[in-house]
Amino acid sequence: MARPNVLMIAVDDLNHWVGPLRRNPVAKTPHIDRLARGGLTFTHAYCPAPVCNASRAALLSGRLPSSTGVYDNGINWETRIPEGTTLSAQFLKADYDVRGIGKLFHGNTYKTSEWTEYIKNLPVDDLNGALESGKNGKLPYAKLPPDETGLTDFKSAQYTIEQLRKKHTNPFFLACGFYRPHLPWNVPGRYFDLYPLETIPLPPYKKDDLDDIPPIGRDWALSIGDHKAILEQGGKKVWKQAMQAYLASISFLDVQLGKVLDAYERSPERDNTIVVLWGDHGWHLGEKNHWRKFALWEEATRTPLIWKAPGITKPGTRCEHPVDLMALYPTLCTLTGIPKPSFVEGADLRPLLKNPHASWTLPAVTTFRYKNHAVRAKKWRYIRYVDGNEELYDHTKDPYEWTNLAAKRELAGVKTELSRWLPKVNVPQPPNDLDH
């Protein structure tokens with residue numbers, strides 16, 4: 001049998017507000033839902049880092065942030081990850097046709113030697129004809145005219161469709177990087193119309209939610225000042241307007257994905273092509289008085305992960321085990337028969353792809369900046385900061401992480417057990433400014 005092809009679809013800043021993850025009741029994602037019906041959804045998938053550069057560098061290099069020192073957006077991943085070792089490079093070495101477009105690594109950066117072709121498709125939005133534009137608090141948005149052909153994600157979809165329609169001599173590794181729903185939330189106005197403000201419920205929220213949070217966590221939540229700015233600008237109405245813009249951007253992304261899925265389903269290579277959809281991290285929309293990523297809580301770290309692997313996954317299945325995106329590299333190697341490099345630090349998900357209910361004891365691990373980590377097990381989230389302060393949440397009773405249990409003596413054993421999964425190797429973080 002011919003070696004399987006790979007269609008990898010990356011999305012930016014997409015949290016768990018998609019149909020298959022059931023966190024937001026009004027999100028309209030029919031095409032993500034369609035992919036989920038055809039494959040396996042990991043309901044609790046978590047990012048290596050809650051920031052674009054560090055997360056993408058980790059999952060596409062197979063090396064944890066604590067092994068490379070790529071902890072944040074201000075660190076150049078290209079100088080810290082040896083050339084010829086990334087995921088695309090392994091497929092190129094294996095004689096695959098390796099093509100990509102859009103945002104895969106942060107900033108559309110890439111190494112020429114690791115791709116057959118890579119289209120650097122930077123997001124450029126012309127607001128001259130915008131129907132409406134502005135900011136909700138500090139979060140920019142624009143309602144654009146109906147024609148979306150000039151938008152980056154439209155172009156990324158079109159390139160991917162063209163590649164899927166081609167005849168291929170060699171197996172292909174095709175990577176499509178979508179930019180939305182990353183800020184600015186600039187999409188055609190019809191996507192905003194999908195979400196009338198009166199239909200949008202505010203997310204689960206406690207005004208005093210940060211009272212039991214250690215200083216580092218509180219500082220991350222409040223330092224940008226998003227929530228304060230939204231409340232001062234117009235309270236719940238502006239809060240809902242910001243949510244509307246985020247939801248509109250998700251639906252715009254979903255439509256672009258749908259075009260790619262249409263081409264995939266019509267492709268003669270469909271029955272021999274692995275499809276994997278992943279997001280680089282989650283996003284807060286007011287939970288814990290916080291917006292954006294840049295934190296170690298559930299909202300910032302949980303993201304979609306959907307696999308469709310012919311002959312392995314079953315349609316419409318779900319896996320409830322926590323996993324992290326470091327699994328992407330080794331799993332694709334296993335599924336395609338490409339040797340997994342010795343430096344790869346992720347777990348192979350193939351057993352769960354075959355049987356979502358198989359035994360699985362590994363938790364998901366997320367790192368943000370130097371020596372700040374979260375461990376997400378099936379029941380618990382444990383956070384330890386560089387200064388030794390901690391958070392602990394019981395997700396069976398507290399899915400929104402409102403009550404920090406870290407100080408309870410009777411749970412010391414739980415923390416000890418979870419702490420053994422904290423990364424052991426740490427590369428010092430050079431000084432840098434956080435790129436918001």
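Brief remarks follow.
- Residues in segment 278-304 that are part of a strand (DSSP E or B) and closer than 16 Å to Cys52 by Cα were compared, and the one that is farthest from the chain's Cα centre (by Cα) is Trp291.
- Restricted to segment 196-243, and to residues there that are under 23 Å from Lys28 (Cβ atoms) and polar (S, T, N, Q), the residue that is surrounded by the fewest Cβ atoms within 10 Å (Cβ to Cβ) is Thr199.
- Meets criteria (in a loop (DSSP other than H, G, I, E, B) and not aromatic (Phe, Trp, Tyr)) for His182: yes
- Selection count, segment 150-174, where residues are farther than 30 Å from Ala130 by Cα and not charged (D, E, K, R): 9
- Options Leu144, Leu92, Leu127, Leu131; residue that is touching a Phe, Trp or Tyr at 6+ places or on another chain (Cβ under 8 Å) and aliphatic (A, V, I, L, M): Leu92
- Residues (touching a Gly at 6+ places or on another chain (Cβ under 8 Å) and either under 30 Å from Gln256 (Cα atoms) or surrounded by 19 or more Cβ atoms within 10 Å (Cβ to Cβ) (or both)) located in segment 66-84: Ile75
- Residue match in segment 244-258 (condition: over 23 Å from the mean Cα position of the chain (by Cα) and under 26 Å from Leu35 (Cα atoms)): no
- Tally, over segment 409-426, of residues that are within 11 Å of Val365 (Cα to Cα), touching a Lys or Arg at 6+ places or on another chain (Cβ under 8 Å) and either outside any helix (DSSP H, G or I) or aliphatic (A, V, I, L, M) (or both): 1
- For Pro268, the stated conditions hold: it is more than 27 Å from Lys143 (Cα to Cα) and modelled with pLDDT under 95.
- Inspection of segment 226-244 identifies at least one residue that is β-branched (Val, Ile, Thr), over 23 Å from Asn73 (Cα atoms), touching a residue at least 60 places away in the same chain (Cβ under 8 Å) and in contact with a Gly (Cβ under 8 Å, 6 or more places away or on another chain).
- Residues in segment 370-397 that are charged (D, E, K, R) and either assigned to a strand (DSSP E or B) or more than 20 Å from Leu210 (Cα to Cα) (or both): Lys371, Arg376, Lys378, Lys379, Arg381, Arg384, Glu390, Glu391, Asp394.
A quick yes/no check of all residues on (1) modelled with pLDDT under 95; (2) surrounded by 19 or more Cβ atoms within 10 Å (Cβ to Cβ); (3) in contact with a helix residue (DSSP H, G or I) (Cβ under 7 Å, 6 or more places away or on another chain); (4) not acidic (Asp, Glu):
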site: Tyr96; (1), (2), (3), (4): no, yes, no, yes
site: Thr109; (1), (2), (3), (4): yes, no, yes, yes
site: Ser113; (1), (2), (3), (4): no, no, no, yes
site: Glu117; (1), (2), (3), (4): no, no, no, no
site: Gly137; (1), (2), (3), (4): no, yes, yes, yes
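- Cβ pairs under 6 Å, 6+ apart, first in segment 109-134 and of a type in the set (Gly, Ala, Ser), second modelled with pLDDT of 85 or more: Gly129/Pro145; Ala130/Ala142; Ala130/Leu144; Ser133/Ala142
- All of Leu247, Leu325 fail the test of being buried (at least 24 other Cβ atoms within 10 Å of the Cβ), out of contact with any helix residue (DSSP H, G or I) (no Cβ under 6 Å at 6 or more places or on another chain), of a type in the set (A, V, I, L, M) and within 22 Å of Leu21 (Cα to Cα), apart from Leu247.
- Selection status of Ile200, in contact with a Phe, Trp or Tyr (Cβ under 6 Å, 6 or more places away or on another chain), in contact (Cβ under 8 Å) with a residue 24 or more places away in the chain, β-branched (Val, Ile, Thr) and within 18 Å of Leu247 (Cα to Cα): no
- Tally, over segment 268-320, of residues that are in contact with a Gly (Cβ under 8 Å, 6 or more places away or on another chain) and of a type in the set (Asp, Glu): 2
The values are calculated or read from the model by the stated rules, or taken from the named source; none is laboratory data. Everything numeric in this text was worked out from a predicted model, so none of it was measured. Please note: Cβ atoms are built from the backbone with ideal geometry, for glycine as well, and neighbour counts cover all protein chains shown.
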